[in-house]
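Asks: Supplied in structure tokens, the structure appears directly below.
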Amino acid sequence: MDARLLADQIPSLRRYARALTGNAWAADDLVQDTLERACSKWRLWVVGSDLRAWLFTVMHNIFASQLRRTPPPHSVVPLDDAAQEVHGGVDPGRDPGMGLDLQRCLMQLPDEQRAVLLLVTLEDLSYAEVAKVLGIPAGTVMSRLSRARARLQELMDGASAPNRPGLRRLK
């Protein structure tokens, strides 16, 4: 496997891991574990197939295994951690509080709904690709996505301040 092909996927892996875990440190650990597993199991990847989907499958399996071993904490990202990230590459015209609300609401979604929502909206995978990554039928992907969007809308409407509009429907 060409190391450049793997390195090209790191930003997507980090973005998805950060959204899955809600914690920058845990996300970096998850990406590291994913890359280690991919390097040790590279013979399982079929040359010419979608490397990104294969890496997301590896990451999803590692994340699911970690969840089974240790129940996820029922907390959100500490504001100190989130505030440090907000100072990075954020659109200056965007309300930073909205990002914090979105992150908090995303972390309140069930893991299976959050994974589907993130893969479809954040990583722009098709329903078929998400089904393959998660090992579920495409109909289940659509159902989980629909429930995730509806629940996220409810959570965001409840988290919105009176002077801040809620999240518009995710597409």
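The values are calculated or read from the model by the stated rules, or taken from the named source; none is laboratory data. Being a predicted model, the structure only gives us computed values, none of them experimental. Every residue, glycine among them, receives a Cβ derived from its backbone with ideal geometry; neighbour counts consider all protein chains shown.
Asks: Being surrounded by 22 or more Cβ atoms within 10 Å (Cβ to Cβ) and within 10 Å of the chain's Cα centre (by Cα) is the filter here, so list the residues in the range 119-138 that pass it.
Replies: Selection gives LEU119, VAL120.
Asks: If the requirement is being modelled with pLDDT under 90 and touching a Lys or Arg at 6+ places or on another chain (Cβ under 6 Å), which of these qualifies: LEU155, LEU170, LEU102, LEU79?
Replies: The unique qualifying residue is LEU170.
Asks: Out of the residues in the range 119-138 meeting the condition of being in contact (Cβ under 8 Å) with a residue 24 or more places away in the chain and of a type outside the set (A, V, I, L, M, F, W, C), tell me which one is farthest from PRO11 (Cα to Cα).
Replies: Checking each candidate, the answer is GLY135.
Asks: So is LEU117 at pLDDT 90 or above, in contact with a helix residue (DSSP H, G or I) (Cβ under 9 Å, 6 or more places away or on another chain) and over 21 Å from LEU51 (Cβ atoms) or not?
Replies: Yes; evaluated as a whole, the condition is true for this residue.
Asks: Here's another thing I want to ask about it. Looking at (1) in a helix (DSSP H, G or I); (2) out of contact with any Leu (no Cβ under 8 Å at 6 or more places or on another chain), find the lone condition where ALA53 falls short.
Replies: All conditions are met except number (2).
Asks: Another one. Out of the residues in the range 1-44 that are assigned to a loop (DSSP other than H, G, I, E, B) and buried (at least 17 other Cβ atoms within 10 Å of the Cβ), state the one that is farthest from the chain's Cα centre (by Cα).
Replies: Residue satisfying both the conditions and the ranking: GLN9.
Asks: Please count how many residues of the range 18-31 are in contact (Cβ under 8 Å) with a residue 24 or more places away in the chain, farther than 16 Å from LEU51 by Cβ and among the hydrophobic types (A, V, I, L, M, F, W, C).
Replies: Number satisfying all stated conditions: 4.
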